[in-house]
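Structure record follows, encoded as structure tokens.
The values are calculated or read from the model by the stated rules, or taken from the named source; none is laboratory data. Predicted, not measured: the structure shown is a model, and the values here were computed from it. Cβ atoms come from the backbone with ideal geometry, glycine included; neighbour counts cover every protein chain shown. With ligands, DNA and RNA removed, areas are computed over all heavy atoms of the protein, side chains included. Shrake-Rupley method; radii C 1.70, N 1.55, O 1.52, S 1.80 Å.
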Amino acid sequence: MCCDSKRRFLLLYATQKGQAKAIAEEIWQQAGAHGLEADMHCISEMDKYNLETEKDPVVIVISTTGTGDPPDTARKFVKKIQDKTLPPDHFAHLQYGLLGLGDSEYMFFCNGGRTVDRRLQELGAQHFYDTGLADDCVGLELVVDPWIDGLWLALKEALQMREEKEVMNNAVNTVSSSLPPAPHTVHELNLSSDVQNLKLKDEGARGSDVLSQKLDDINLVTPASGTEPSLVHSVPPLSKSALNIPALPLEYIEVQLQDAQGENPHLSSLISEGTTFEVPVTKAVQLTRGDAIKTALLLELDIADTVFEYQPGDVFCVICPNNASEVENLLQILGLSEKGDNFVCVKIKQDTKKKGASRPQHVPERSTLKFILTWCLEIRAIPKKAFLRALVECTSDVGEKRRLQELCSRQGTSDYTHFVRDSNVCLLDLLHAFPSCKPSLSLLIEHLPKLQARSYSVSSSNFYQPGRLRFVFNVVEFPAGPSRPVSRKGVCTGWLAELVAPLLHPNENTLDKKGESSLTEKISIFPRPNNAFHLPADPSVPFIMVGPGTGVSPFIGFLQHRQKLREQHTDWEFGETWLFFGCRHQDRDYLFKQLRSFLENGTLTHLKVCFSRDSSTAEIAPPKYVQDILRLCAKEVARVLLKERGYFYVCGDKKHMADDVSDAVVDILSMEMEADKLEAMKILAMLRETKRYLQDVWS
């Protein structure tokens, strides 16, 4: 270890999409101003640190992915510490502080961090600093910023206690390292739904000397009286405040544009998750009527010539590009319109002060500029405060510079949340709003995250339709607003809709002699198997499916698979099946009217549907939402779950459906068991734990 052992601490991060790493880098960067040195490593680099012998305090920043799993980079670490043979005092010597990142939109909030935290405690490790749990749903910075502020004093106290202990040990010439530190009560720095209780105050916090900017250092530009705050304008008190702004991120990338010939890397080289498959789109169907609020499409892929395998309930990923016109717009703003086909050579700056600087893995060492902006960088990403801080230095207009400073400052947290984060503002929106901001290409490569492949639930069964994979999605729409002057479609759903337009609307130029489309578009996909969201292994076990809107998609695969099993195994016993489906209008967005055929052939035992926007003249209004129909079937739902030990599947929107369904199930269990709500919640928790209440949800 290269750091001074008395002023050193070990800093580990486990990241999935780069956020935990960015926060760890912020901690590493601030450490020097506090007389400390962070020995920073990815938690997967277990050859570069050793917790079994670590004497200095350890700081861990860890995100959560999937349905509450630790990130991929932490899998080996978690497996190692979950070894059942480890004694309860294995880490009795270890002092640590942990910052977990998560999203309360999902059921297992911050479960990656909680899992590591809980296991370290079980193995005897002690907190030197309270655990922080940051919520991406409302803004990570609301917890991250104050957690980092308090970290420095806690680290110094932990290091001082260790040094005093060493002096004492030397004086009496005894070894007492086996004695654990004084017990430390853990209070998680969590962000509850009552966000307003968390007040961020500028009290000259420890270390703010390097982050603070005095009022007289800033050229204040007072907005016109009576104006409302917006992305580009602030009002008092913020417009007249001194600001605490983040430290300027260290530059570490340099690029060279080369007028050379060559080929871009294959898309498969951008994916580290596994094997990619380039497959043709053989069918596209619009499932909704033209006047429906949302447009739902079904696509069919031909996987017959591949080794791509899947089960009903699995998820797979589509590699998608950024919108071509947005890429051209960005090139124009950067003044690089004529350089799109030039090759970019990406290297690390020789004089960078950034520790462990390396070329981002999602950016090829050599490819064209247009390839990088199209396939590698998430140009739609909501800019983090560190990115805004870097953009300040690229902005020449005094007023624009001040506003960017406000948006990345501690005092401007509310404005950042409202005008940037909640408004889904991206880099292009910022560059249009602040026209004097002219960032370099290297800055974009440093700060824009990887363009992530988009995941979709499989809506078919390979057993029922060999060599075919189907999936269903809504074309996402982002309407124009005050912070975004133009409407946009989702990165992947918009691209797919445009790609298959000839299949949806064929004309004489796109049809062959048989009247079928002569166009064959291909997309690149890779599997992401779902280890839990599958049919019960025992076909005699009953199950309930709840899937409004496109949430019904995986259940089509379930029913196809079950139908084929029934056809091939007439002597088997099959449990009853329930499907609760809902949409807005029966005649506009009832996605799969063929569900009736599953009902008629006995594959589906019970089909319950509702239509939330259809008017009714009935004396008793019909149920509007799936949770309402569930309550009407309370006795049957309780019977399936409690008496027959059945399964319960939920797929669809997390915020506006899945939580309501969960509440309905609690009410049903409470009523049918004649138990209080707490007891019913415990039963539901048990169902989740035993993988009998399963969710495939999105926010």
Quiz prompt | Expected 222 nm ellipticity per residue - DSSP helices of 4 or more, -39500 (n - 2.57), all of the chain, to 500 | solution = -8000 deg cm²/dmol
Quiz item: Remind me, relative contact order of the chain in percent, using alpha carbon pairs under 8 angstrom and six or more residues apart?
Solution: 11
Quiz prompt | Cut-off under 5 Å, modelled amide H: who pairs with I253 long-range | solution = K349
Exercise. Kindly provide the Kirkwood hydrodynamic radius of the range 566-699 in Å, to one decimal, from all pairs of distinct alpha carbon atoms.
Key: 16.3
Self-check item: Volume of the Cα convex hull of the range 7-164, divided per residue and given in Å³
Solution: 100
Quiz item: Taking the Cβ-Cβ separation of S455 and L642 as r and a Förster radius of 30 Å, what is the calculated FRET efficiency to the nearest 0.05?
Solution: 0.35
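Which of the peptides 384-396, 340-352 is most tightly packed, and how do the rest follow, going by the mean number of other Cβ atoms within 10 Å of each residue? Walk me through the numbers on the way to the answer.
On the way: 384-396: 20.7, 340-352: 14.5.
Going by the mean number of other Cβ atoms within 10 Å, highest first, we get 384-396, 340-352.
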Quiz item: Counting only protein chains, not ligands or nucleic acids, how are K84, K55 ordered by accessible area (probe 1.4 Å), most first?
Solution: K84, K55
Quiz item: Using the C-alpha gyration tensor of the range 350-483, what are the square roots of 5 times its eigenvalues, in whole angstrom, with the largest one first?
Solution: 34, 22, 13
Quiz item: Quick one: if you take sqrt(5λ) for each eigenvalue of the C-alpha gyration tensor of the range 284-429, what semi-axes come out, biggest first, whole angstrom?
Solution: 35, 24, 17
Practice problem: Divide the volume of the convex hull of the Cα atoms of the range 622-699 by its number of residues and quote the answer in cubic angstrom per residue. | Solution: 85
Quiz item: Pulled fully out, how much extra length does the chain show between H606 and E122, if you take 0.36 nm times their separation in residues and subtract their Cα-Cα distance?
Solution: 169.6 nm
Exercise. Determine the distance separating the Cα centre of the range 36-104 from the Cα centre of the range 536-578; give it in Å without decimals.
Key: 40
Exercise. Kindly provide log₁₀ I(q)/I(0) values, in the same order as q = 0.14, 0.17 Å⁻¹, from the Debye equation applied to equal alpha-carbon scatterers of the range 233-292.
Key: -0.86, -0.89
Quiz item: E498 to E166: FRET efficiency via 1/(1 + (r/R0)^6), r the Cβ-Cβ distance, R0 60 Å, to the nearest 0.05?
Solution: 0.35
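Can you give me the orientation-averaged projected area of the convex hull built on the Cα atoms of the chain, in nm²?
Taking the Cα atoms of the chain, their convex hull projects to 38.3 nm² on average.
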Practice problem: May I have the extent of the alpha carbons of the range 659-699 along their three principal axes, as whole Å values ordered from largest to smallest? | Solution: 32, 21, 13
Quiz item: Any idea what angle helix 324-333 forms with the longest principal axis of the chain, computed on alpha-carbon atoms, 0 to 90 degrees, nearest 10?
Solution: 20
